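What follows is a short report on a single structure.
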Amino acid sequence: MKASGYAPEKDSFWFGVLFGYHNLTCFCLFTLGLIIFVLSLQEGFYAYQFKQLGWTLLNVIVIVTGLHGHMLALWQCRLWFFFTISGIVVHNYVDHLVQNYFPSKTPLLLLNPTASIEAFIASFFATIAYFFAVSASLSIL
């Protein structure tokens, strides 16, 4: 980051906020989000709003804690760029194979008639398997 000129100086306020007190900053932002959520509650929509809050919190937990160790290992190796681009390539390749060679085709969207639910599901699982295999093998390095 120093070469780009965007890195904050070690003794600056932003360095402390972003790096020195990262946990405190995240906690304060999370607390602020909960306060805003409570203030935005509308009568008659409680069930929907709390369902959305639950899904949001579940997504935050899954994103933050899921494969955290593997992601740190990949970040330390600086292979994240290759990792994500190759994951997209695997997804598109499996999607293409299933669309062209799978006998059953259930349309996924009206906008793209070639897209099918089977191809989406197959490419999703292929990408997840690829991510697990590559992250496990690269985190050992």
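The values are calculated or read from the model by the stated rules, or taken from the named source; none is laboratory data. All of these numbers come straight from a predicted model, not from anything done at the bench.
Counting residues that are at pLDDT 70 or above and not charged (D, E, K, R), which helices (runs of 4 or more DSSP H) fully inside segment 56-141 reach at least 2? Reasoning before the result, please.
Details: elements: 68-77, 80-101, 117-140.
Ranges flagged: 80-101, 117-140.
Val17 is checked against (1) among the aliphatic types (A, V, I, L, M); (2) modelled with pLDDT of 85 or more; (3) over 21 Å from the mean Cα position of the chain (by Cα); (4) more than 30 Å from Ala136 (Cα to Cα) and fails just one. What number does that condition carry?
Here Val17 clears every test but (2).
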